[in-house]
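Down below is the structure, laid out as structure tokens.
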Amino acid sequence: MTRPDSPDSCMGPLGTSGLASLAGLPGPSKPRASLDDMALPEKPELFIADIEIAWDDGEDCQQLEEAKSAKSLTRRQNSRRHLEREKQQELLKEFLKEFHFSNVSEPNVTCSKCSCLSLLTVEAVYPIHEAARLGDASLIRLLLLANVDPEQRTSKGRSAADIARAADKSGSHIEVLDMLLNGLKVLHLREAMTVMMQAGCPAAK
């Protein structure tokens, strides 16, 4: 309660602060809070593992797809080349076996009938001579890749080109003659070594 002799008792129920408010004067000042006294909220610890990074995957995805496509194409091409190489090697093996050649650089003795004497004559021939007689360009190519000498002579001195010319009928051996006389246009070392190894050529060992 207000004492009768206090200044506020004379001012009525409004008191000093009330009069100051009515007069437009500032009332008693209140103590201001300091920032140092305020408790700041704790920051949560941030770990890199918790961050989900949003990549700009537009261009990255395109590059990834292009890389996958190129890799898939290369794999298919390598697979086709591998299958084709195996097919060629098998063809060469069958040819050597059929005509009793031990490898691409060893001769075999054949018998042919001499038209003038009606006698059988013996001639040592090589795989390239037999392939030239057959007019098989694929076999000639494989033999040349296996480093077979296109100038190899039979025991009678005939070359593969001589045999191909004798067997030619209306241009049937033109491609074979071109290979024998001009050689292969492109020779891949790795392919040649593979064919040589599979054919049992001593030069490849």
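Of the residues 158, 153, 141, 133, only one is closer than 24 Å to residue 78 by Cα and either at pLDDT below 80 or not acidic (Asp, Glu) (or both); which?
When all the criteria are applied, what remains is 141.
Applying the selection to the range 95-109, what residues are part of a helix (DSSP H, G or I) and surrounded by 11 or more Cβ atoms within 10 Å (Cβ to Cβ)? Of everything in the range 95-109, those that are part of a helix (DSSP H, G or I) and surrounded by 11 or more Cβ atoms within 10 Å (Cβ to Cβ) turn out to be 95, 96.
Does the range 93-101 contain any residue that is under 31 Å from the mean Cα position of the chain (by Cα) and either aromatic (Phe, Trp, Tyr) or modelled with pLDDT of 80 or more (or both)? Within the range 93-101, one or more residues are under 31 Å from the mean Cα position of the chain (by Cα) and either aromatic (Phe, Trp, Tyr) or modelled with pLDDT of 80 or more (or both).
The residue that is modelled with the lowest pLDDT, among those in the range 46-92 that are within 21 Å of residue 143 (Cα to Cα) and among the hydrophobic types (A, V, I, L, M, F, W, C), is 83.
Within the range 66-84, no residue that is assigned to a helix (DSSP H, G or I) sits with its Cβ atom under 7 Å from a residue that is basic (Lys, Arg) and modelled with pLDDT of 75 or more at 6+ positions apart or across chains. Filtering the range 138-173 to residues that are of a type in the set (Gly, Ala, Ser) and surrounded by fewer than 17 Cβ atoms within 10 Å (Cβ to Cβ) leaves 138, 155, 157, 166, 167, 170, 171, 172. Note on the range 134-157: residues that are among the basic types (Lys, Arg) and either under 15 Å from residue 181 (Cα atoms) or out of contact with any strand residue (DSSP E or B) (no Cβ under 9 Å at 6 or more places or on another chain) (or both) amount to 2. Note on the range 120-171: enclosed helices (runs of 4 or more DSSP H) holding 1 or more residues that are over 40 Å from the mean Cα position of the chain (by Cα) are 127-134, 160-167.
The values are calculated or read from the model by the stated rules, or taken from the named source; none is laboratory data. Everything numeric here is computed off the predicted structure, so don't read it as measured data. Every residue, glycine as well, gets a Cβ built from its backbone with ideal geometry; the counts of neighbours run over all protein chains shown.
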